[in-house]
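If you scroll down you'll find the structure; I have some questions about it.
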Amino acid sequence: MQEYFKLRLFFKENSTTFSLSELAFSWEVSTKQARRRLQKFQEENLLTFTPGLGRGNLSKISFNSSFQQEYSEAVAFALNQENFKELSTLLDLPVPAEWLQPFYQEIQKHFGVTTDNEEFTVMRQFMIRPLTTLDPLKTSIFREVNILYQLGDCLVKINDGKLLPGLAHHWQFNSENLSWTFYLRKGVLFHHGKILTSEDISYTFKRILDSFRPWQLEHLVKIVPAGQYRVTFYFNQEEPLFPAYLISSLFIILPSDRPFSPENWSGTGAFRLKENNQQQSVLHAFDQYYDKRPLLDEVQLIVMDTDEKKNRQELLKRGYKLVQQETSGVEFLVTNMKKNSVLQKQKVRQALYEIADLANYPNRHGELASHYFSSDENKEEIPQKSLITAQRYLKEANYQGEEVILGYVEYAQKAQEFAQWLQKRAKKVGLHLKIVGFSFTNEFYNDFIEKNVDVVSLGDIPVAGSLFPYLEFIASPTLLIQRLLDEPAQKYLAEMIESYKLAPITERCAEDLQIDQWLTSTYRVIYTIHPQKEHFIHPVLAGLNALALENYDYRLAWTGDGNDF
């Protein structure tokens with residue numbers, strides 16, 4: 001039914017006279033396959049399809065029932081059959097919020113939501129650490145970024161790889177003055193009651209630019225509000241992808257009538273931040289949200305004990321199910337090129353590359369990595385590594401036993417185990433590797449890493465819906481690639497990023513690979529593995545798709561009581 005409802009959405013914005021090739025493009029299939037699907041739907045008495053005769057003649061279609069009626073029937077059937085995977089797909093479709101109103105109570109029941117009383121529903125999820133900063137300027141950690149999307153909104157959003165209206169209901173480009181104009185929704189409220197206007201857009205972007213100039217705004221000249229509900233961005237060159245850049249959490253819109261405060265967070269999101277401390281964080285549904293109201297009234301994120309074994313036992317006792325899940329992320333080592341250490345010598349970095357041979361790691365769970373992406377078109381045969389070769393590189397570098405400090409995330413037991421294994425491997429070839437832990441709460445967001453660590457072991461998980469995950473990874477000033485590159489390398493990388501931004505869509509994959517090849521061939525970045533993660537999932541939600549389980553989106557409550565061990 002997913003293909004059928006994509007068809008209904010296509011005709012929601014298009015007349016019933018259409019080009020078969022355009023429909024095929026929206027389905028991402030050939031015109032022959034599109035024709036077969038339409039004929040199949042016609043045989044199922046869902047529609048009447050009249051193909052266009054001859055080149056240039058448009059086809060026609062008519063539906064036997066209204067979109068709302070068919071959608072409601074499909075939701076009711078999925079609930080009756082307890083088909084949670086189908087239900088989560090239906091809930092993700094961009095349909096009017098009122099279509100779901102009759103089903104809210106039953107959906108809450110099926111998704112295992114607890115009811116404290118007749119009017120108040122709560123979901124409790126466990127975390128292994130407290131949330132860190134929720135400032136959009138600083139946040140770069142996967143869980144926190146996804147929480148931000150619950151609390152606030154951007155001008156645009158993404159669904160199924162397509163750019164959709166967010167706080168702006170539409171936008172347009174003016175090629176004469178190189179500007180993008182966004183038209184805002186009316187009546188959108190912030191959590192503290194302020195109505196959204198163009199001044200809030202100006203304030204948010206000025207706050208960013210007063211702190212740093214991100215790669216998305218490199219060629220921005222000025223921002224001009226025109227009335228309360230229109231704002232125009234002017235550039236010194238064409239920025240054809242600019243609206244797509246704005247889905248980043250960096251561009252979540254903040255209110256202009258009060259200075260930003262983590263303790264008094266106010267956005268336009270589906271949830272407001274009710275509480276955030278070292279013991280728990282509480283998200284409360286925002287009843288005046290402009291889009292679909294959350295199915296939950298409250299989400300309580302409770303910090304667990306630091307004892308991982310004890311946590312696992314507790315979750316299993318509560319009925320959670322342990323599942324293995326491939327992620328879209330990658331783990332890596334990144335060298336600190338700003339710090340004066342022996343890793344300034346490329347031969348020493350090459351030796352570290354040889355030492356970090358995950359093919360020999362006893363606790364490996366996942367696929368060996370040679371690049372950021374793990375997709376088939378980017379796969380290369382990973383070269384064989386050798387401790388003998390590592391020893392030779394150290395000798396060629398005239399290594400004299402200098403200390404190399406490796407940083408790892410201290411709260412993650414698996415990160416510590418990997419660091420200890422790497423330390424033992426390094427010792428075998430005479431490399432003096434010292435390991436130090438750091439936390440996201442205390443050290444990640446200050447200059448501790450830049451000043452005290454020579455190489456960092458970390459992982460990156462692209463945020464759900466990101467159109468340019470690799471650009472975020474290499475270009476974000478809050479992530480480690482930019483933070484640890486020396487100035488000449490930063491300038492060279494900036495040139496390659498500009499080339500990527502202006503490249504045709506068919507060439508961007510090659511541009512990604514070219515940048516990645518430069519980072520890996522100079523051993524500034526050493527990829528290790530595309531990991532397989534363990535997640536504790538409530539049994540009623542275990543049948544959902546991998547993307548739903550991997551990301552924390554409480555607006556429709558289908559990620560449930562998972563945990564990110």
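Computed from the coordinates by the stated procedures, all read-outs in this text should not be read as laboratory data. Remember, predicted model here, so these are calculated numbers, not experimental data. Note that we place each Cβ from the backbone using ideal geometry, even for glycine, and neighbour counts take in every protein chain shown.
Radius of gyration and Dmax for the range 443-533's Cα atoms, expressed in Å?
Spelled out, the Cα radius of gyration and Dmax of the range 443-533 are 13.9, 42 Å.
Order of L519, L46 from fewest to most other C-beta atoms within 10 Å? Intermediate values should be presented prior to the final figure.
Values: L519 22, L46 18.
Placing the least packed residue first, the sequence is L46, L519.
Could you give me the ³J(HN,Hα) list for the range 360-365, computed from phi with Karplus coefficients 6.51, -1.76, 1.60 and θ = phi - 60°, whole Hz, x at Gly and Pro?
Per residue, the Karplus-derived 3J(HN,Hα) values read 9, 7, x, 9, 6, 10 Hz.
Quick check on the exposure proxy: order S175, S140, S30 from fewest to most C-beta atoms within 10 angstrom. Write down the numbers at each step before the final one.
Details: S175 8, S140 22, S30 11.
So the ranking, lowest neighbour count to highest, is S175, S30, S140.
Please give the FRET efficiency for E176 paired with T506, using the beta carbon to beta carbon distance and R0 = 22 Å, rounded to the nearest 0.05.
Working: r = 28 Å, r/R0 = 1.25.
With R0 = 22 Å, the Cβ-Cβ based efficiency is 0.20.
Assign unit charges at the C-beta atoms only (+1 for Lys and Arg, -1 for Asp and Glu), then state the dipole size of the range 378-470 relative to its Cα centre in Debye, rounded to the nearest 20.
Details: 11 positive and 12 negative charges, 110 e Å.
The calculation lands at about 520 debye.
Additional query: Give the calculated FRET efficiency between Q2 and Q517 to the nearest 0.05, with a Förster radius of 35 Å applied to their Cβ-Cβ distance. Don't skip to the end; give the middle numbers.
Values: r = 37 Å, r/R0 = 1.05.
Efficiency computed from Cβ-Cβ geometry: 0.45.
Then there is this: Give me the Debye-computed log₁₀ of I(q)/I(0) at q = 0.12, 0.16, 0.18, 0.23 Å⁻¹ for the range 14-85, equal point scatterers on Cα only, no solvent, two decimals.
Treating every Cα as an identical point scatterer, log10 I(q)/I(0) equals -0.41, -0.68, -0.81, -1.08.
Now for a separate question. Past the 29 Å Cα-Cα mark, which pairs from K434/K491; K385/K533; K414/K434; K162/K292; K345/K451; K414/K501? Could the numbers behind the result be given before it?
Values: K434/K491 31 Å; K385/K533 25 Å; K414/K434 17 Å; K162/K292 19 Å; K345/K451 18 Å; K414/K501 36 Å.
As for pairs spanning more than 29 Å Cα to Cα, those are K434/K491; K414/K501.
So if I restrict to the alpha-carbon atoms in the range 363-443, what is the Rg, and what is Dmax, the biggest pairwise distance, in Å?
Gyration radius and largest Cα-Cα distance of the range 363-443: 15.5, 42 Å.
Something else now. Along the principal axes of its C-alpha atoms, what lengths does the range 172-236 span, in descending order and rounded to whole Å?
36, 28, 14
From the C-alpha gyration tensor of the range 354-490, pull out the three semi-axes of the equivalent ellipsoid (sqrt of 5λ each), sorted largest to smallest, in whole Å. List each step's numbers first, then the result.
Working: eigenvalues 125, 86, 54 Å².
For the range 354-490, the ellipsoid semi-axes come out as 25, 21, 16 Å.
Using only the alpha-carbon atoms of the range 108-245 as identical scatterers, what base-10 log of I(q)/I(0) does the Debye formula give at q = 0.17 Å⁻¹?
-1.09
If we count other beta carbons within 10 Å of each Cβ, what is the order of S499, S266, fewest first? Each step should come with its number before you reach the end.
Numbers: S499 13, S266 20.
Final ranking by Cβ density, sparse to dense: S499, S266.
Sort all Cα-Cα distances of the range 415-480 into consecutive 5 angstrom bins from zero, then give the percent of pairs in each bin up to the one containing the longest distance.
So the P(r) values, bin by bin, are 3, 14, 19, 20, 17, 15, 8, 3, 1.
Taking the range 128-188, which trypsin sites (Lys or Arg not before Pro) meet the DSSP loop condition and have no more than 14 other C-beta atoms within 10 Å? Please report the intermediate quantities before stating the final value.
Numbers: sites: K138, R143, K157, K162, R185, K186; in loops: K138, R185, K186.
Here the sparse-neighbourhood loop sites are K186.
Are there GluC sites (Glu not before Pro) in the range 14-70 that DSSP marks as loop and that have at most 13 other Cβ atoms within 10 Å, and which are they?
E28, E44
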